[in-house]
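Take a look at the structure below.
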Amino acid sequence: MRKLKIPLLITIIITIFLALYLSISACPPPPPINPDSVLMVVYSNFNYTGDYVQLTTLGDYDLDTLQSMGMINDSTSSIKIKNGYTAVLYQNFHYNTSPGDENGWKLFVNQDIPQLTNNYDKNLSSLKLYSSKDCPTPSPEPTLSPIPTITPIPTIQPSPTITLEPSPTLSPEPTITPIPTLPPTGAGGMSDSNNNDNTRTMSICVIILLVGIFCILKIKQREL
């Protein structure tokens, strides 16, 4: 009997633990959005699934308020909101007013969103819920100054091609005909000999001339 009681006790304990685990882990179905008491529901997963928090009154919901209602910070992935209402979602708690949080994103929502995307998914820390007629107008996005148009650089016209005319061909200078060279005279000894002969001949002629003149003068004297 004791052997039978021990397995039975173990089975009962396991069954109790399984029942507790299933009851804790099971997620409740998404609540309806139609009743007048529910104005907005935020969900932890896409397509309105997962953990959720219902908002039934207008007003401001800071992080501590949402956490007291069961919402975990930075866990929202989809939203349902009743027609005629607008929610302003803030990235940071205290509605982006804490020092250093002023540049956090702010998103206006007036219709159901099955999937928050980009930087909005699982990045919600506070919100404000308004009647659409009382919701403040979203501040326009700053207009970026247009980029100044860059004036194109004027195209430089190609410089005209200068055609160089060929310079006139210079007539060739006349060829100077070389002066014919005189045949060289004889050797140095023969030139000196000719010169001596010429001198002697001249001397003889002069002497003969003087003798002739002298004789003529003598004859003239005798005639006188």
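Just so you know, all these numbers are worked out from the coordinates, no wet-lab data involved. Please read these numbers as outputs of a predicted model, since none were measured by experiment. Here the Cβ is made from the backbone with ideal geometry for all residues, glycine too, and neighbour counts use every protein chain on show.
Output wanted: per-residue J couplings in Hz (rounded whole) for the range 82-91, from phi through Karplus 6.51 cos²θ - 1.76 cosθ + 1.60, θ = phi - 60°, x for Gly and Pro.
Calculated HN-Hα couplings, in order: 6, 4, x, 10, 9, 10, 10, 9, 10, 5 Hz.
Run the count for the range 57-143, please: Lys pairs, Cα-Cα under 16 angstrom, 8 or more apart or on different chains.
So the count works out to 6.
Could you give the nm distance between label points at THR161 and ILE16, where each point is 7 Å from its Cα heading toward the beta carbon?
10.7 nm
Between LYS106 and GLN221, what is the label-to-label distance in nm when each label sits 7 Å out along the Cα-to-Cβ direction?
A separation of 16.6 nm, rounded to one decimal place.
List residues of the range 89-129, by number, whose backbone nitrogen lies under 16 Å from a label position 7 Å along Cα→C-beta of ASP51.
Output list for this probe position: 122-126.
Kindly put THR117, THR86 in sequence by how many other C-beta atoms sit within 10 Å of each C-beta, fewest to most.
THR117, THR86
For a quick check of your reading of the filter: which chymotrypsin sites (Phe, Trp or Tyr not before Pro) in the range 97-136 sit in a DSSP loop and have no more than 15 other Cβ atoms within 10 Å?
Loop-located and lightly packed - TRP105.
So if I place +1 on the C-beta of Lys and Arg and -1 on the C-beta of Asp and Glu, and nothing else carries charge, what would the dipole magnitude of the range 26-134 be about its Cα centre? I want it in debye, nearest 20.
Dipole about the Cα centre, nearest 20: 280 debye.
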